[in-house]
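**Student:** Quick one: this structure, given as structure tokens, is what I'll be asking you about.
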Amino acid sequence: MSGNTRALAAAVERDPRWAAVIARDASADAQFFYSVRTTGVYCRPSCGARPARPENVAFHPTAAAAERAGFRPCMRCKPDQPPLAERQAALVADLCRRIEQSDEAPSLEELSRHAGLSAFHTHRLFKAVTGVTPRAYAAAHRARRVRAELEQRGTVTGAIYAAGYGSSGRFYERSNQVLGMTPTRYREGGADMDIRFAIGECSLGAILVAATARGVCAILLGDDPEELVHDLERRFPRAHLIGADPGFEQRVAEVVGLVESPRAPVELPLDVRGTAFQQRVWQALRAIPAGTTASYAEIASAIGAPRAVRAVAKACAANALAVAIPCHRVVRTDGDLSGYRWGVERKRALLDREMDA
């Protein structure tokens, strides 16, 4: 190796971009491209091709700059096209639109033909991007349509058929899972449904506990008791809210006990309402041992949807059952407490109590 070649290699090896190339760091893909003189091609940093010798490598700020220098795009990593993750997200978004625009939920085979992939890869890619299967996505979309139609139409039957259900019988079999109550009660904002609630005080401030006949449906924390009641009213605008029930005080005391001793096992009957994806996330949260934490990415992997980190964070934020579904045990990958629906200081206090117990 000549002295000039050694100097070229040393210069590339000192460049921090070379470390990203060697590591095939996908996070660097949007930052630069590299070319290989001996092959005449340019690549993304994450390209899976065999690493080139450093003396043959040059770096370029954009794909256009690499092409102006006389290099052609690599056939493997396709640096002249959007990143793979972006292309996959666009493909899945197209499949979602196809599901949403169809009167009948398309079969996996129909979706895979549209995507130009095998049924296996279509199913795996869809779940990796959205966090749910195509079938679950179609069911959730239909549930949203039912909710919207129930709010607009005069009859439950009309809403059911307008949402794409082939028969009312098929819908009524799953109405409790879809709506959390009967269609008529949902349309009426929970009218005639009794929800008992009470407000108490705990070391973290005001606490509201509410329950249906099925179990506790809300545990809300805050500084303003009146705002907690408004939150409950927004969730069930026409339900029959029953406050100041002496028989309910014992349930409130049990919940306050969980706040003060969050390591205690949760034995409360719960009425958990959410989408299929939210239910999976919340179930994973309940599996986190007291005194430990998990990252949003770890939860996403645990439910088989490693790319759905943001969706996991949104599901945590939608949790209305503080402590019983321990979203306070979820932190960012770097250990930062991140956000918490009821305030970061409350989150820190709950974690400290679990660690110290």
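Conditions (1) outside any helix (DSSP H, G or I); (2) out of contact with any helix residue (DSSP H, G or I) (no Cβ under 8 Å at 6 or more places or on another chain), marked per residue:
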{"site": "R6", "(1), (2)": "no, no"}
{"site": "A30", "(1), (2)": "yes, yes"}
{"site": "S46", "(1), (2)": "yes, no"}
{"site": "A52", "(1), (2)": "yes, yes"}
{"site": "P82", "(1), (2)": "yes, no"}
{"site": "R98", "(1), (2)": "no, no"}
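**Student:** In this structure, is I325 outside the structural domain of I207 (by the TED database), surrounded by 18 or more Cβ atoms within 10 Å (Cβ to Cβ), within 20 Å of G222 (Cα to Cα) and in contact (Cβ under 8 Å) with a residue 12 or more places away in the chain?
**Tutor:** Taking the combined requirement at face value, the residue satisfies it.
**Student:** Let me ask something additional. Quickly run through the range 293-308 and pick out the residues that are touching a helix residue (DSSP H, G or I) at 6+ places or on another chain (Cβ under 7 Å) and either touching a residue at least 24 places away in the same chain (Cβ under 8 Å) or surrounded by fewer than 18 Cβ atoms within 10 Å (Cβ to Cβ) (or both).
**Tutor:** Those that are touching a helix residue (DSSP H, G or I) at 6+ places or on another chain (Cβ under 7 Å) and either touching a residue at least 24 places away in the same chain (Cβ under 8 Å) or surrounded by fewer than 18 Cβ atoms within 10 Å (Cβ to Cβ) (or both): T293, A294, Y296, A297, I299, A300, I303, G304, A305, P306, R307, A308.
**Student:** Please go through the range 33-84 and give me each residue that is among the aliphatic types (A, V, I, L, M) and surrounded by 14 or more Cβ atoms within 10 Å (Cβ to Cβ), ordered by number.
**Tutor:** Across the range 33-84, the qualifying residues are V36, V41, A49, A52, V57, A58, A63, A65, A66, L84.
**Student:** Among the residues of the range 246-275, which ones are in contact with a Phe, Trp or Tyr (Cβ under 8 Å, 6 or more places away or on another chain), in a loop (DSSP other than H, G, I, E, B) and not small (G, A, S)?
**Tutor:** Scanning the range 246-275 gives a single hit, V272.
**Student:** Turning to a different aspect of this structure: Only one residue in R76, R68, R72, R24 is without any contact (Cβ under 8 Å) to a residue 24 or more places away in the chain and either among the basic types (K, R) or in the same structural domain as V129 (by the TED database) (or both). Which one?
**Tutor:** Just a single option satisfies the conditions, and that option is R68.
**Student:** Can you pull out the residues in the range 275-286 that are buried (at least 17 other Cβ atoms within 10 Å of the Cβ), under 24 Å from E354 (Cβ atoms) and not β-branched (V, I, T)?
**Tutor:** Across the range 275-286, the qualifying residues are Q278, R280, W282, A284, L285.
**Student:** Something else now. Tell me whether the range 263-273 contains one or more residues that are surrounded by fewer than 14 Cβ atoms within 10 Å (Cβ to Cβ), out of contact with any Lys or Arg (no Cβ under 6 Å at 6 or more places or on another chain) and modelled with pLDDT of 80 or more.
**Tutor:** yes
**Student:** Within the range 102-121, is even one residue surrounded by fewer than 17 Cβ atoms within 10 Å (Cβ to Cβ), in a helix (DSSP H, G or I), within 18 Å of the chain's Cα centre (by Cα) and at pLDDT 80 or above?
**Tutor:** No, the range 102-121 contains no residue that is surrounded by fewer than 17 Cβ atoms within 10 Å (Cβ to Cβ), in a helix (DSSP H, G or I), within 18 Å of the chain's Cα centre (by Cα) and at pLDDT 80 or above.
**Student:** Moving to a separate point now. From the set of residues in the range 218-257 that are closer than 26 Å to E354 by Cβ and within 26 Å of the chain's Cα centre (by Cα), which is surrounded by the most Cβ atoms within 10 Å (Cβ to Cβ)?
**Tutor:** I219
The values are calculated or read from the model by the stated rules, or taken from the named source; none is laboratory data. These numbers were taken from a predicted model, which means no experiment stands behind them. Because the Cβ atoms are built from the backbone with ideal geometry, glycine has one as well, and the counts that use them run over all protein chains shown.
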